[in-house]
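Data block below; observations after.
The values are calculated or read from the model by the stated rules, or taken from the named source; none is laboratory data. Bear in mind that the values here come from a model prediction, so they are computed numbers and not experimental data. Cβ placement follows ideal geometry from the backbone for every residue including glycine, while neighbour counts extend to all protein chains displayed. Ligands, DNA and RNA are excluded from the accessible area calculation, which covers all protein heavy atoms including side chains. Shrake-Rupley method; radii C 1.70, N 1.55, O 1.52, S 1.80 Å.
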Amino acid sequence: MNDNIQRELVQRTPWTTEQIQAHLQQHPGLSAMQVRQLVTLANDGWTPTRAFAQLRAARR
């Protein structure tokens, strides 16, 4: 599943493959809705660190 998520994020965001891989290792099992949220945040200029932290905060 992470391969599909990584591929989608690489294609649809300005983030590097290395940035995406590092964060996906820390956040396994993202839902489709979370991936869409990451794409939106990335394209709004958010950094990977900030966007993935937002997901973590929303889960609490």
All conditions in (1) open to solvent by 60 Å² or more (accessible area, probe 1.4 Å); (2) in a helix (DSSP H, G or I) are true of His23 except (1)
The residue that is surrounded by the fewest Cβ atoms within 10 Å (Cβ to Cβ), considering only those in the range 34-60 that are without any contact (Cβ under 8 Å) to a residue 12 or more places away in the chain, within 11 Å of the chain's Cα centre (by Cα) and part of a helix (DSSP H, G or I), is Arg50
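Looking at this structure, is Glu8 more than 8 Å from the chain's Cα centre (by Cα) and open to solvent by 80 Å² or more (accessible area, probe 1.4 Å)?
On the way: more than 8 Å from the chain's Cα centre (by Cα): yes; open to solvent by 80 Å² or more (accessible area, probe 1.4 Å): no.
Taking the combined requirement at face value, the residue does not satisfy it.
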